[in-house]
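> Sharing a structure, written as structure tokens. Questions coming.
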């Protein structure tokens with residue numbers, strides 16, 4: 001926390017805050033894993049391909065289905081992972097972030113494909 005004032009209530013509690021931050025990260029990752037459990041295997045495949053940055057057309061080609069089918073899978077993914085559509089949030093990005101949060105091990109990945117498990 002260089003350059004920032006620390007509240008006297010937290011002075012000398014760096015280790016405790018680090019533990020709390022780690023617990024928060026684990027809670028977020030656990031919630032994301034639970035959210036992914038609500039998806040079918042095929043929906044998880046589609047989400048993994050979305051996380052690779054593939055378009056609906058590319059996903060359809062990869063899975064040998066129509067783009068309409070991919071759109072239906074994505075609609076189901078949004079329904080399972082997210083709340084109602086929002087004008088300020090990009091649902092595709094939020095779904096991918098949920099996926100990555102659930103599947104990342106905390107190790108930095110230079111190649112996103114290495115971080116994705118289907």
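> For the residue pair residue 75 and residue 54, what label-to-label distance in nm results when each label sits 7 Å from Cα along the Cα-to-beta-carbon direction?
Output for this residue pair reads 2.1 nm.
> Okay, moving on. Please compute the modelled spin-label separation between residue 33 and residue 61, points set 7 Å along Cα→Cβ, answer in nm with one decimal.
Calculated label separation equals 3.6 nm.
No value in this document is a laboratory result; all are computed from the given coordinates. In this text, all values refer to a predicted model and were calculated from it rather than measured experimentally. In this analysis, Cβ positions are derived from the backbone assuming ideal geometry, glycine residues included, and neighbour counts consider all displayed protein chains.
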